[in-house]
Amino acid sequence: MSDKRQVKYPGNSLERLQEVQRELLGVFDRVCREQGLTYFIDSGTCLGAVRHGGFIPWDDDIDVGMPYDDYVRFLEIAPQVLPDGYGLYTPDNNPNQAIFSAKLVKEGTCFSAGELKGNDAHEGIFIDVFPYCRLDSNPKVAAKQVKTARFWQSLSYLRHVRTPHIPKKAPFKPLLKAGCLVAHFTVAQLWSTPQMRDKVFRAFQDADGQGNWTSVCYTAYGQHDDATLFPVKEVTFDDMRVFAPHDCDGYLRNHFGDYMTLPPEDERYTHAPAILDFGDGINVIEA
């Protein structure tokens with residue numbers, strides 16, 4: 001049910017989008033340094049820093065991860081310390097947001113992914129801020145935590161996306177579409193996104209927290225031991241100095257495998273915006 005697709009950005013709009021996201025990363029980095037909060041660039045952002053020295057050329061988002069306690073603290077202080085023109089959105093103040101994590105947003109802009117068009121979410125140009133938690137030291141308990149996280153995050157996507165992207169070659173595609181539509185309306189009647197998020201976070205908080213680290217929202221991206229992530233270290237991302245996992249090579253191999261090999265061009269996905277407005281009221285995708 002990924003919202004990633006192959007989309008060509010018109011003109012120089014991808015470069016403009018990346019520049020705004022660098023700006024947001026700079027704001028986030030300054031707040032974390034000033035407040036003594038730990039973070040690291042995550043997923044494809046870390047990959048871009050190592051393999052390209054910055055953005056992956058076709059990438060259109062920035063991800064950062066934070067240990068859960070730092071993440072909670074960031075949510076608490078952000079409304080007071082963020083500069084004017086920037087906002088923080090979570091399922092609590094943006095109830096139509098499908099993902100359980102936070103988004104640091106440049107206010108007055110709009111980035112609306114194709115599949116989420118019309119769901120009334122506040123979708124400014126953003127960077128994703130993901131909480132990382134430690135799993136239980138008991139593998140059976142940890143496996144249950146991962147299963148719980150994937151279950152509720154999948155339901156949240158179904159709640160917010162009426163027609164999720166299903167690969168063309170998927171078997172029984174019409175039935176899958178119909179099933180997703182039924183699930184969309186059913187889940188919306190039973191749970192709010194904050195309720196589903198709380199079920200996931202509770203599954204981590206009720207365990208011993210002595211196992212490996214994982215991204216609460218994307219447990220499928222793997223697990224990392226403490227020494228791989230911490231202490232974080234500074235790396236270069238384009239013309240910026242930001243924090244990354246302590247062992248970037250180990251982190252990226254665990255996450256991507258052979259991360260230095262470029263993917264084929266037909267597998268270089270983006271997030272498929274239907275609306276991209278830099279704050280002037282013009283949707284550059286349709287202009």
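Among the residues of this structure, PHE111 does not count as one that is under 24 Å from LYS199 (Cβ atoms) and either surrounded by 23 or more Cβ atoms within 10 Å (Cβ to Cβ) or of a type in the set (Gly, Ala, Ser) (or both). Residues being within 19 Å of ASP238 (Cβ to Cβ), among the hydrophobic types (A, V, I, L, M, F, W, C), in contact (Cβ under 8 Å) with a residue 24 or more places away in the chain and not in a helix (DSSP H, G or I) are entirely absent from region 1-22. Pairs linking a residue in region 82-96 that is aliphatic (A, V, I, L, M) to a residue that is open to solvent by 30 Å² or more (accessible area, probe 1.4 Å), with Cβ atoms under 9 Å and 6 or more positions apart or on different chains, are LEU88/LEU75; LEU88/PRO79; LEU88/LYS103. When THR228 is tested against the conditions (1) in contact with a helix residue (DSSP H, G or I) (Cβ under 9 Å, 6 or more places away or on another chain); (2) over 27 Å from GLY26 (Cβ atoms), the lone failure is (2). So which strands (runs of 3 or more DSSP E) are wholly in region 206-287 and hold at least 1 residues that are open to solvent by 20 Å² or more (accessible area, probe 1.4 Å), of a type in the set (Asp, Glu) and free of Cβ contacts under 8 Å to residues at least 40 places away in the same chain? The strands (runs of 3 or more DSSP E) meeting that bar are 233-237.
Within region 89-102, the residues that satisfy the criterion of being at pLDDT below 95, out of contact with any Cys (no Cβ under 8 Å at 6 or more places or on another chain) and open to solvent by less than 40 Å² (accessible area, probe 1.4 Å) are THR90, PRO91, ASN94, GLN97, ALA98.
Taken as a whole, the structure places ALA203 among residues that are closer than 26 Å to PRO91 by Cβ, open to solvent by less than 30 Å² (accessible area, probe 1.4 Å) and free of Cβ contacts under 8 Å to residues at least 60 places away in the same chain. Scanning region 44-69 for residues that are more than 18 Å from ILE125 (Cα to Cα), surrounded by 22 or more Cβ atoms within 10 Å (Cβ to Cβ) and in contact with a helix residue (DSSP H, G or I) (Cβ under 7 Å, 6 or more places away or on another chain) turns up CYS46, MET66.
Is it true that LEU175 is at pLDDT below 75 and either loosely packed, with under 15 Cβ neighbours inside 10 Å or hydroxyl-bearing (Ser, Thr, Tyr) (or both)? Outline the logic, then answer.
Details: at pLDDT below 75: yes; either loosely packed, with under 15 Cβ neighbours inside 10 Å or hydroxyl-bearing (Ser, Thr, Tyr) (or both): yes.
The answer is yes for LEU175.
Here PRO273, PRO245, PRO194 are screened, and the one residue that is at pLDDT below 85, of a type outside the set (D, E, K, R) and under 20 Å from the mean Cα position of the chain (by Cα) is PRO273.
The values are calculated or read from the model by the stated rules, or taken from the named source; none is laboratory data. This one's a predicted model, so the numbers in the text were calculated from it and none came from an experiment. Neighbour counts run over all protein chains shown; Cβ positions are idealised from the backbone, glycine included. Note: areas computed on protein heavy atoms with side chains; ligands, DNA, RNA excluded. Shrake-Rupley method; radii C 1.70, N 1.55, O 1.52, S 1.80 Å.
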